[in-house]
Every structure is written in C-alpha cells, then in structure tokens.
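Peer 1: Here's a structure for you.
Throughout, read-outs are computed from the coordinates displayed, never taken from laboratory work. Bear in mind the structure is a predicted one, so any value in this text is a computation, not a measurement. Quick reminder, even Gly has a Cβ in these numbers, built from the backbone with ideal geometry, and neighbours come from all protein chains shown.
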Amino acid sequence: MIKMTRRLILVFALVLASASAFAADRTCNDTNVEELRYSWRLKGGIRFLAGIFFPTSGVGSFRNTYPQGEDHAIHSELLITAPDGKKGGFYSYESQIDDRDTKTLMTYHGYEWGKKSRNERTIFDYVKRLARIRKQTPEEVENRVKLLPKDQQETRDILTAIYFLRQHAHTLNAPMQTNIYTDGREYPVIFKPGAQNTTLTIEGKRVIVREFAIVDAPGGKKWQGGVRVWLSADERRIPVRIEISQSIASMQLDLQSIESCAYPQS
C-alpha cells in the first residue's frame, strides 16, 4: 500500500511538472502574444566543419501572435540567432496561418551568415490557386508565380505543421499523411505521433511530453529534411524541444523560458 501511494505521488508530481516546470517564468495573462525563448545547438557529424563558418550554438525565439476581433491570421515566427543576436547571423522562419482551417497564407524563410544571405517569401491565393514566390539573394531578386494543384485545399510549412500538431495533439493517435511546403516545393510527409506521457529533462527540469515527428513519406519527391517536436502534456502544449533536420545535420532547440504566454486558439 505504501509503495502504491509513493507511485501515485510520483505520477502526480510529474503531471504537475509538465504544467509548471516553465510556468514559474511567467503565468498566462490577458495577451494574444506567446513568446518562448530557446537555446540551440547543432548536431551531426558536420557540426565541427560548420563551426568554421558559423556558430554551432546560440539562442532562439518562437513568437506566436493570435488574432483578435475579426482578424483570422495568426503570425508565427521562429528566429534562430548566434549567441550575440542577429548581428552574428541568423535563420528565420515566418508563417501567417488562417485560424479557421490552419491554411498557410504566407510562408517565409531566410538566413544571413557572414557575407551569405538568402530569403524566400511565398503568398498563397487559394481562390485563384496561385503561389506568388519572391526569392532574394545579394546577387538577384526573382519573382515567379506557381499554379497550385486543383485538389489542393491547404498548404503547410514547418511552423504551420507545428501549430497543427499543437491543436490536435490530444486526438492525433495514428500516422497522418500530408504535405510540407519548403523552398518553393511541396513534399509528401507523414505526421507520426509518439507515445503519450513520456518524460524529457531540459536544463534539469523534468517535463511530461508527447513527441511528434514529421518525416518523408514514400512516393513523390523525397524530402531531405525532418522535424521532431516534443509538446508539453498540459493544455498549453508548449514545444519544449524542437529538432529541425537537413540531410547532413540537425538543429536542436530546448526551451529556456516563457516570456509571454497565450493559449493556442481552438
């Protein structure tokens, strides 16, 4: 009986940890902005070579601005920088999402390291079935228009996919096939849910999480990337760890603090 009681206490403590490990930084207040701060590090065999050209660790900020009133566009931004901020180089992902059906309205990604820079923005027009793409480098600016497939009702990029997983974490219990839009192309992928109520330790804080993976799907264009996200098991479903992979390396972001708290809109 005593042993069972101890187990129940431990389970209860872990559940509380999931909800409160990072809540001490800032409780939710009356705001429509969620801002999460991360540390990041590069993983993979190329990290030592990469360190010659750009940092292998740094800081990140994940900011979601939820719509108010009649507006329906969620603005999501993931900014990954060198330890000293954007002046030392950065990666940036941005999305505008329709909160009614999680369609991606706009997607942007860019980087700047030393003398190298590149950014690309795509605006989706689902009525005219067009994607308007603007790609910019120091050498040139390219504008083009791409026709969307007739049967394409929605598009997801990395940030839209993370938002979708946060919204459906409690109901997504089987693999789901969809598409990811990146670098002006769409790739078939699978959302793969992991086991529920697993534990993750970040900076000494033990959190109950559920892992989701976004992986290449068989058939079609092969996606060289991948995303894994560990969501807190509480109602906020905060991404406490994000891993973004390319073919030769991956970047792992671990949550450090909650600067501003707002709930995902249902």
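Peer 1: Scan around LYS43 for amide H atoms under 5 Å from its own, H built in the peptide plane at 1.01 Å from N, and keep only partners 5 or more places away or cross-chain.
Peer 2: Correct list: SER250, MET251, GLN252.
Peer 1: As a quick test, which of the pairs LYS86/LYS222; LYS86/LYS135; LYS192/LYS222 have an alpha carbon distance above 22 angstrom in this structure? Intermediate results must be reported in sequence, preceding the final value.
Peer 2: Working: LYS86/LYS222 32 Å; LYS86/LYS135 20 Å; LYS192/LYS222 17 Å.
In this structure, LYS86/LYS222 exceed 22 Å between Cα atoms.
Peer 1: What are the ³J(HN,Hα) values, in whole Hz, obtained from phi via the Karplus relation 6.51 cos²θ - 1.76 cosθ + 1.60 with θ = phi - 60°, for each residue of segment 151-162 in sequence order, with x given for Gly and Pro?
Peer 2: 8, 8, 9, 7, 10, 10, 10, 4, 5, 5, 5, 5
Peer 1: For a quick check of your reading of the filter: which trypsin sites (Lys or Arg not before Pro) in segment 57-93 sit in a DSSP loop and have no more than 15 other Cβ atoms within 10 Å?
Peer 2: Numbers: sites: ARG63, LYS86, LYS87; in loops: none.
The qualifying sites: there are none.
Peer 1: Could you please tell me the mean projected area of the C-alpha convex hull for segment 210-266, averaged over all directions and given in square nanometres to one decimal? Don't skip to the end; give the middle numbers.
Peer 2: Details: hull surface 21.9 nm².
Projected over every direction and averaged, the Cα hull of segment 210-266 covers 5.5 nm².
Peer 1: Hey, another quick one. Straight-line reach from LYS205: which lysines have a Cα under 25 Å away, not including same-chain ones fewer than 8 places off?
Peer 2: LYS3, LYS43
Peer 1: OK, next. In terms of modelled amide H atoms, which long-range or inter-chain residues lie less than 5 Å from the amide H of TRP223?
Peer 2: ALA217
Peer 1: Now for a different question. So which GluC sites (Glu not before Pro) in segment 154-221 end up in coil per DSSP with only 10 or fewer other C-beta atoms within 10 Å? Please list the in-between numbers first.
Peer 2: Numbers: sites: GLU154, GLU186, GLU203, GLU211; in loops: GLU154, GLU203.
Filter output for segment 154-221: empty list.
Peer 1: Moving to a separate point now. Treating segment 105-211 as a set of equal point scatterers at the Cα positions, no solvent, please give the Debye-formula log₁₀ I(q)/I(0) at q = 0.11, 0.12, 0.15, 0.18 Å⁻¹.
Peer 2: Here log10 of I(q) over I(0) equals -0.51, -0.59, -0.81, -0.96.
Peer 1: For segment 60-71, in order, what is each residue's ³J(HN,Hα) by Karplus, 6.51 cos²θ - 1.76 cosθ + 1.60 with θ = phi - 60°, in whole Hz (x at glycine and Pro)?
Peer 2: Taking θ as phi minus 60°, the curve returns x, 9, 10, 10, 10, 10, 8, x, 10, x, 8, 6 Hz for segment 60-71.
Peer 1: Return the sequence-ordered ³J(HN,Hα) values of segment 201-207 in whole Hz as given by the Karplus equation 6.51 cos²θ - 1.76 cosθ + 1.60 applied to θ = phi - 60°, using x for Gly and Pro.
Peer 2: In residue order, the calculated couplings are 10, 10, 6, x, 9, 9, 10 Hz.
Peer 1: Which of rounded, prolate or oblate describes segment 138-198 when judged by the alpha-carbon gyration tensor and an a/c cut-off of 1.5?
Peer 2: On the way: a/c = 3.20, a/b = 2.05, b/c = 1.56.
It is prolate, given that a/c is not under 1.5 and a/b is the larger ratio.
Peer 1: Let me know the shape class of segment 75-141, please: from the alpha-carbon gyration tensor, a ≥ b ≥ c as square roots of the eigenvalues, rounded when a/c is under 1.5, otherwise prolate if a/b is greater than b/c, or oblate.
Peer 2: Details: a/c = 6.44, a/b = 1.61, b/c = 4.00.
Because a/c hits 1.5 or more and a/b fails to exceed b/c, segment 75-141 counts as oblate.
Peer 1: To the nearest Å, what is the center-to-center distance of segment 191-246 and segment 79-127, using C-alpha atoms only?
Peer 2: Taking the Cα centre of segment 79-127 as reference, the centre of segment 191-246 is 20 Å away.
Peer 1: Roughly speaking, what is the stretch gain from ASP84 to GLN224, that is 0.36 nm per residue apart minus the C-alpha to C-alpha distance, in nm to one decimal?
Peer 2: Numbers: separation 140, 0.36 × 140 = 50.40 nm, distance 2.98 nm.
Extra length available between ASP84 and GLN224 comes to 47.4 nm.
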